[in-house]
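The values are calculated or read from the model by the stated rules, or taken from the named source; none is laboratory data. In this text, all values refer to a predicted model and were calculated from it rather than measured experimentally. As a convention, Cβ positions derive from the backbone with ideal geometry for all residues, glycine included, and neighbour counts pool all protein chains shown. Protein only, heavy atoms only, side chains kept; ligands, DNA and RNA dropped before computing areas. Shrake-Rupley method; radii C 1.70, N 1.55, O 1.52, S 1.80 Å.
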Amino acid sequence: MSIRVVIVDDEPLARLAVKLRLARRSGFALVGEFGDGDSAHAGILALRPDLVFIDVEMPGKTGLEVLATLPPAQRPMAILLTAYDSFALQAFDLAALDYLLKPVDDERLDEALDRAQQAFPYRAHGRTLPPAAPALRSFTVRVGARTVLVPVAQVERIEADGDYATLHANGKTWLVRERLHNLAIQLDARQFHRVHRSTIVRLDMIAELRSLTNRDALLRLHDGSVLRASRTYMPALAEALRHLDKTSA
């Protein structure tokens, strides 16, 4: 099932830039675009998209006002677009998935779309979801002349290392030739979550989450490791952990 997207920005070129980048990603379907806050408010209520890219400052209602005046049950996942960084506190009060500064680069937009795909199963507002697509079951790792299969179920966390990624599994580390972004979209989002642009964690490995004053968080894993979770990943991570609690209860 595709994530249904609306783009809201008073600048036609800004809407086009997001639209062209979105077209390069599978799993997303553009269902509407609007150039001001008032028409966006009515359009979102009518179209009921899953995700909205929305500019903060626009004629009529601002992007934040549009989101704030939508009933919570009809408020889509939101990725805010702005040339300024002074709206971050309000953005996260509205549980925005991400906050992108213009001009948005491709890597940051890809991270935001990854986050939307991770959060979608928990924020589908009653839509019936199909069974999850088959996720990666094992990693193929080259060790000298040998090829080793590392089961995904044994992996506790994954950390970026340039064009490679380091797997942490059962007290051992394995280097795979794959970028973290590519791994994030292959793993089952119900079991693994990106908590930082350089880290993916298996959800059931998280023993404690401690919020920091800047809205980042520290994660303590069951093996004693302490990791930092970036505030831009926290809304989706919090929802995933709540869902995990319900399924394990």
Taking 0.36 nm per residue of separation and subtracting the Cα-Cα distance, what length does fully extending L20 through A42 add?
5.5 nm
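From largest accessible area down, sort T147, T166; use a 1.4 Å probe on the protein chains. Please list the in-between numbers first.
On the way: T147 80, T166 30 Å².
Sorted descending by solvent-accessible area, the residues read T147, T166.
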The chain - accessible surface per residue (Å², probe 1.4 Å):
50 Å²
When only Cα pairs under 8 Å and 6 or more residues apart are kept, what is the percent relative contact order across the chain?
12 percent
If you wrap a convex hull around the Cα atoms of region 1-112, how much volume per residue is inside, in Å³?
92 Å³
Here region 232-238 yields Karplus 3J(HN,Hα) values (6.51, -1.76, 1.60; θ = phi - 60°; whole Hz; Gly and Pro given as x) of 5, 9, 5, x, 5, 5, 4
Name the long-range amide H neighbours of V8: under 5 Å, sequence gap of 5 or more, or other chain; modelled H, no Pro or chain starts.
F34, F53, I54, D55
Please state the charge dipole magnitude for the chain, taken about the Cα centre, from unit charges on C-beta atoms (+1 on K and R, -1 on D and E), reported in debye and rounded to the nearest 20.
960 debye
For the chain, longest principal axis from Cα atoms; helix 37-47 axis from its Cα atoms; angle between them, nearest 10 degrees, is 60 degrees
Leaving ligands and nucleic acids out of the surface, order L149, L13 by accessible area at 1.4 Å, largest first.
L13, L149
If the chain between L218 and L241 were fully extended at 0.36 nm per residue, the gain over the current Cα-Cα distance would be 6.8 nm
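Hey, with R₀ at 41 Å, roughly what FRET efficiency would K102 and T140 work out to, going by the Cβ-Cβ distance, to 0.05? Write down the numbers at each step before the final one.
On the way: r = 40 Å, r/R0 = 0.97.
Result of the calculation: an efficiency of 0.55.
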Report, in deg cm²/dmol and to the nearest 500, the calculated mean residue ellipticity at 222 nm for the chain, where each DSSP H run with n ≥ 4 adds -39500 (n - 2.57) and the sum is divided by the residue count.
-8500 deg cm²/dmol
Would you mind pulling out the separation of the Cα centroids of region 154-209 and region 1-68, in Å?
31 Å
Using +1 at the C-beta of Lys and Arg and -1 at the C-beta of Asp and Glu, which of N182, V150, T62 has the Cα lying farthest in the positive direction of the dipole of the chain?
V150
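Roughly to the nearest percent, how much of the accessible area of the chain is carbon and sulfur, given a 1.4 Å probe?
Numbers: 6430 of 12380 Å².
Percent of accessible area from carbon and sulfur atoms in the chain: 52.
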Starting from the amide H of L30, placed 1.01 Å from N in the peptide plane, find each other amide H under 5 Å away whose residue is 5 or more places distant or on another chain.
V5
What translational diffusion coefficient, to the nearest whole µm²/s, does the chain have by Stokes-Einstein, given a Kirkwood radius computed over alpha-carbon pairs, a temperature of 20 °C and 1.002 mPa s viscosity?
112 µm²/s
Reported to the nearest 10 Å², D223 has, with a 1.4 Å probe, an accessible area equal to 80 Å²
Whole-Hz Karplus couplings 3J(HN,Hα) for region 65-81, θ = phi - 60° and coefficients 6.51, -1.76, 1.60, Gly and Pro as x, run 5, 4, 5, 5, 8, 7, x, x, 5, 10, 8, x, 4, 10, 10, 8, 10
